Amino acid sequence: MVTEEKTELLSMLPAELEAWMLSHGEAKFRAAQIFPQLHRGLSPEDMTNVGRSLKEKLLSDTRYHLPTVEMKLVSAIDGTVKYLFGLYDGHCVESVVMRYEHGNTICISSQVGCRMGCKFCASTIGGRVRDLSAAELLGQVIAAQKDMGERISNIVMMGIGEPLDNYDNVLKFLHLVNCEGGLNIGYRHISLSTCGLVEGIERLAAEDLPITLSISLHAPDDETRSAIMPINRKYGVDALLEACRKYYARTGRRISFEYTLIAGKNDSPALAEKLATLLNTRLRSKREGMPIHVNLIPVNEVEETEFKRSGKQAVAAFARVLEARGIRATVRRKLGADINASCGQLRRQHGKNT
Ligand code: SAH
């Protein structure tokens with residue numbers, strides 16, 4: 001059993017690792033020596049250029065645990081790779097690597113389970129078990145990159161969990177993954193998706209990191225949204241859009257909106273009109289209004305829920321209404337269709353079998 005009290009090496013920023021070296025009677029430069037290796041997926045034991053005494057100190061005072069590949073599915077259609085990763089305490093999360101022309105993008109999980117309760121989502125069915133540490137967030141990227149033997153250049157935080165419900169660890173992760181000696185992934189190559197925790201959005205705006213914010217909106221009014229997303233009863237559509245407006249005013253970064261289309265629930269042309277009016281009046285009333293992009297995603301049907309995906313025609317009609325009102329809308333290309341690549345479902349299946 002790995003003891004949790006020991007500091008996780010992968011959660012340390014370069015300055016923290018330097019301080020650790022100094023407090024353990026080691027030269028500061030040792031930090032710069034091991035940091036890149038840790039972030040390439042080498043544990044202190046694996047390192048060849050580190051002396052015995054430092055290794056022993058690291059082994060007794062710190063821990064290093066990369067997520068282990070419990071299951072790996074590769075799509076025969078588009079090469080999408082889905083991992084079920086095991087954590088040090090036996091819990092599992094999912095990560096998905098998508099291959100685009102501009103490079104590999106990984107979708108990572110932020111919590112074991114989720115407590116946001118969105119009705120159509122598989123990740124929330126068993127509730128939240130625990131948060132992932134900064135090291136475990138980073139570990140997903142390192143482990144996938146190591147397993148694939150290919151660089152991962154983009155990250156989306158759209159897997160299991162609500163990133164802004166695990167704020168401090170997520171923020172630390174963003175700093176870690178951006179480190180030069182480490183994975184060196186630019187903030188502009190990172191997207192964070194939230195169901196709309198307004199205080200978290202405000203905090204994030206104040207960090208001044210040029211990441212892309214993605215809002216899971218899924219409905220243009222409180223009645224429709226509260227029926228599928230309980231979080232809307234705490235932060236309604238108005239408050240959410242106001243947080244988005246402020247986020248853009250502060251960071252200048254465009255926001256993208258996710259809209260999952262569920263047959264008969266939120267996919268009527270009337271709701272598309274309402275969505276266009278909402279976005280146009282709340283976010284684009286001034287001439288320099290923000291560029292808005294809406295991603296339309298026909299819902300992935302989850303065994304435990306009654307929601308059905310909207311038909312092709314309903315999706316196209318919804319998109320046409322938005323375009324006619326000047327809002328860019330794209331229907332998300334489904335990757336990894338043959339490996340059930342949307343998040344949350346593999347973990348649930350695995351949980352049932354064990
Ligand atoms: N908690 C964050 C990130 C994780 S969910 C958030 O809510 O944004 C990532 C995206 O997948 C969200 O837009 C979420 O609403 C969507 N999603 C969840 N279950 C889905 C399903 N069954 N079909 C399609 N999209 C789904």
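The values are calculated or read from the model by the stated rules, or taken from the named source; none is laboratory data. The shown structure was predicted, so the numbers you read here are calculated from the model rather than taken from an experiment. Cβ: placed from backbone, ideal geometry, glycine included. Neighbour counts: every protein chain shown. Keep in mind that these areas ignore ligands, DNA and RNA; they rest on the heavy atoms of the full protein, side chains included. Shrake-Rupley method; radii C 1.70, N 1.55, O 1.52, S 1.80 Å.
Structure data summary
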{"read-out": "Paramagnetic reach from Glu304 in the range 101-117 [backbone N under 19 Å; point 7 Å along Cα→Cβ]", "value": "109-117"}
{"read-out": "Mean separation of Cα contacts under 8 Å, 6 or more apart, over the residue count of the chain: relative contact order %", "value": "15 percent"}
{"read-out": "Cα gyration tensor shape of the range 1-56, rounded if a/c is under 1.5, else prolate or oblate by comparing a/b with b/c", "value": "rounded"}
{"read-out": "Per-residue HN-Hα couplings for the range 97-110 [Karplus 6.51, -1.76, 1.60; θ = phi - 60°; Hz; x = Gly/Pro]", "value": "9, 10, 9, 10, 4, 7, x, 7, 10, 10, 9, 10, 8, 10"}
{"read-out": "Using distinct alpha-carbon pairs, which all enter the 1/r mean, Kirkwood radius of the chain in Å", "value": "21.4 Å"}
{"read-out": "Largest-first ellipsoid semi-axes for the range 132-213, taking √(5λ) over the Cα gyration tensor eigenvalues, angstrom", "value": "22, 13, 11"}
{"read-out": "Pairwise FRET efficiency - Ala249 versus Glu223, Cβ, R0 = 35 Å, nearest 0.05", "value": "0.80"}
{"read-out": "Mean separation of Cα contacts under 8 Å (6+ apart) over length of the range 200-354, as relative contact order %", "value": "22 percent"}
{"read-out": "The range 63-108: radius of gyration and largest Cα-Cα distance (Dmax), Å", "value": "12.1, 39"}
{"read-out": "Pairwise Cα inverse-distance average, inverted: Kirkwood Rh of the range 114-175 (Å)", "value": "12.8 Å"}
{"read-out": "Mean accessible surface per residue for the chain, computed with a 1.4 Å probe while every protein chain stays in place, in Å²", "value": "44 Å²"}
{"read-out": "The range 215-354 - Rg and Dmax from Cα coordinates, angstrom", "value": "16.1, 56"}
{"read-out": "Amide N proximity, the range 222-251 versus Ala206 label position 7 Å along Cα-to-Cβ, cut-off under 17 Å", "value": "243-251"}
{"read-out": "Theoretical gain in end-to-end length, Asp168 to Ala19 [0.36 nm per residue, Cα-Cα removed]", "value": "51.6 nm"}
{"read-out": "Efficiency of FRET from Cβ geometry, Lys28 and Ala76, R₀ 35 Å, rounded to 0.05", "value": "0.10"}
{"read-out": "Residue-level accessible surface for Arg325, protein heavy atoms, 1.4 Å, Å²", "value": "80 Å²"}
{"read-out": "Cut-off under 5 Å, modelled amide H: who pairs with Val156 long-range", "value": "Ile106, Cys107, Ile108, Ser191"}
{"read-out": "Anchor Lys234: lysines whose Cα lies under 27 Å away (excluding residues fewer than 8 positions away in-chain)", "value": "Lys119, Lys172, Lys246, Lys265, Lys274, Lys308"}
{"read-out": "Carbon + sulfur, % of accessible area of the chain - ligands and nucleic acids excluded, 1.4 Å", "value": "49 percent"}
{"read-out": "For the range 115-255: relative contact order, % (alpha-carbon pairs under 8 angstrom, 6 or more apart)", "value": "24 percent"}
{"read-out": "Folded to 0 to 90 degrees: helix 52-61 orientation relative to the chain principal axis, Cα", "value": "50 degrees"}
